[in-house]
Structure formats: C-alpha cells, structure tokens
1. Can you work out which of the residues in segment 184-200 that are surrounded by 15 or more Cβ atoms within 10 Å (Cβ to Cβ) and not acidic (Asp, Glu) is nearest to residue 298 (Cα to Cα)?
2. Considering segment 161-206 alone, what residues qualify as being hydrophobic (A, V, I, L, M, F, W, C) and in a strand (DSSP E or B)?
3. Please work out which residue is farthest from residue 221 (Cα to Cα), limiting yourself to segment 135-177 and to residues that are free of Cβ contacts under 8 Å to residues at least 12 places away in the same chain and basic (Lys, Arg).
4. Return a yes/no flag: does segment 254-268 have any residue that is open to solvent by less than 20 Å² (accessible area, probe 1.4 Å) and in contact with a Lys or Arg (Cβ under 8 Å, 6 or more places away or on another chain).
5. Taking residue 302 as the residue in question, decide whether it is touching a residue at least 24 places away in the same chain (Cβ under 8 Å), among the small types (Gly, Ala, Ser) and open to solvent by less than 20 Å² (accessible area, probe 1.4 Å).
6. Here is a list of conditions, (1) out of contact with any helix residue (DSSP H, G or I) (no Cβ under 9 Å at 6 or more places or on another chain); (2) open to solvent by 20 Å² or more (accessible area, probe 1.4 Å); (3) not acidic (Asp, Glu), and residue 230 meets all of them except one; can you say which number that is?
Amino acid sequence: MESFLLYRLPGHDSFVRLGLTASAGDRLMFGDAVVSPWPGHAFDAASPMEVCPRSTAMPDYRSRVGALVDTLRRRDGKAVIARQICGSFSRFEPEAMAREYFSRFGDMFCFLFYHPSAGYWMGASPELLLHTDNACQGRTLALAGTRRIGDGAGQWSRKNIEEHRFVVRGIEKSLSGIAGLDIAVGETGNFVYGAIEHLCTYVGLSAAAELPVGRIVEAIHPTAAVCGYPRETAMTEIDSVEQWPRNCYGGLVSVPDGDGVSVYVILRCVHFDSERWTVYSGSGITGESDPADEWAETESKARPLLDILNSYS
C-alpha cells in the first residue's frame, strides 16, 4: 500500500490527495503538507504504531480521573485525558468510510492518511492551531469547554468556563515571548460540532515582518485544549494516567491554504489497520470535574465516528 494523505479544508467541496515525498522520525511530508505525531512519538518503521487492542474500562478511567481531579484542585490546573474505544471491521473500505464520515462535517478539517509506520488515521477536526492569511497576519483558536447542544439554557458551567480560561491563558503566555508578534484576543463564543458545542476564542496574530510560523507552532503546541496547563506538568500527568500511547492523536496536519497555511490538530480521530480500529476521545479535567461527566463527554465526542465505524464492523 502506497502512503498517502487525503484531506478537505473546511467549507470546501473538493478533496486533495497527495503521495508521500519524504519522511523523518517526527514528520511525514506529502508535498507542502506535513503530518506530525504527538510530541515524543515518532514514525519508526522498526516499531510501527500498533492499533490499541482493548477499550479503556470505565471503572479504571473513573478511578484514575477521580484521583487526578484531587491533584488538579490542589494545583489549580488542567490536564486533558484521552481514552480508547476499540472494535473490528467486517468490511474494510477506508476511503468509502472516510467520505461517508466527512460528508457529515462539511465545516471541519477532514483527513485520512496512511503510512506503514503509522497505519491509517482518519478524523474530522474542529481545532485550528494556526492559520495564516498572508505573510504578516494569522490567527489561532482556543477551543475548550464542551456540552451537548441545548444543555445549560445558555449558561456555561463554571467548570467549562475555567477549562476554557486555561487554554486562552496558555496561548497568551506561550506567544508573549515572541518578539515583534502582536496578539489580539477576541470575544468568546460557541463552536458547534455535530450534537455538541464548545467555547471558542479566536486570537489574532500580526507582525510587521513575516510571521514566524515555525516558532508560533512550536510555542503553542500542544495547547491546553489537548494537553493541559501548565503544559509541562500536564504532560507528566498524561503519561501517568493514560494507559496507551497517543501516537498521532493530538498531533498536527499542516496544509497549504490560499496565500497561507493552516495547521490542524489531529482530533475526533480513529487509528486503524485492515482488521481493527481504535477511536481516541479526550476531555479536559480540572479541579471542578466529575469523572462520570467526563466519561459522558468522551462518549459524545466519539459518537459520530462510532456510528460510521459500527456500520463497517
């Protein structure tokens, strides 16, 4: 099987399909498009990414998240914890499955890629890490806080507001050290994804000279939306709580977009081979979290993808 990347930008009807042009441990290059795994992981032919064989058990998840909540309450921080939902295929039609999934999310960044060291990864991501309009202007997106549409009568819970605040704060702090970069935090609104919605805040970026795209991405990734706050502490907690490697979950896909570039986080995604599949779904844990509610949030986020996969299982 030849390596490839298939993607569609939000709001576009056409797909772009690219073949592999180069690879390194920390990236796959498909022409001007680049795929990167979660920090600390690599594309290694000698040790390919295995599809997780077992779903995360609810009692284990609730126990580990419950203990983490106590820690986060003491340190006033956030950690994003992912779990896995596993199944198997009765028929294997990856591109047909992808197009069916993508048809439900015309306003999301949709992708399917394959490489021997990574397997297949497919997703419809709402999370824009960076978009540049031109050489000097761009924006990033703080996206965190989740509820089902219709819940809350318009009022977001304190937990969700606090979780979102950590993401905005983390982006501002990470970018503040880049000389010559102007940051403008916008108003907070709602971002709809299927049957759920998130709190979202766009952060405008501008520079008198060319935007330092590489430095911006390095500074803000992974944001508190997929990692936590402070980042280094959250990374340690993720390693201690999660029971399976993230591999490409939370990684990046960077593609040309008009006169600039768009970089999206690999979320709402499934990792699969010709026999098995594993959906990754995470939620932001804070000192206000309830483990049962967080489990339900991961179910809601995974549901559209599971509906598709179950029709092929």
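The values are calculated or read from the model by the stated rules, or taken from the named source; none is laboratory data. Since we're looking at a predicted model, the values are computed, not measured. Note that we place each Cβ from the backbone using ideal geometry, even for glycine, and neighbour counts take in every protein chain shown. Heads up: the accessible areas ignore ligands, DNA and RNA and are worked out on the full protein's heavy atoms, side chains in. Shrake-Rupley method; radii C 1.70, N 1.55, O 1.52, S 1.80 Å.
1. Checking each candidate, the answer is 196.
2. The answer is 181, 183, 184, 185, 191, 192, 196, 199, 200, 203, 205.
3. Checking each candidate, the answer is 165.
4. Taking every residue of segment 254-268 in turn, none turns out to be open to solvent by less than 20 Å² (accessible area, probe 1.4 Å) and in contact with a Lys or Arg (Cβ under 8 Å, 6 or more places away or on another chain).
5. Answer is yes for this residue.
6. All conditions pass for residue 230, except number (1).
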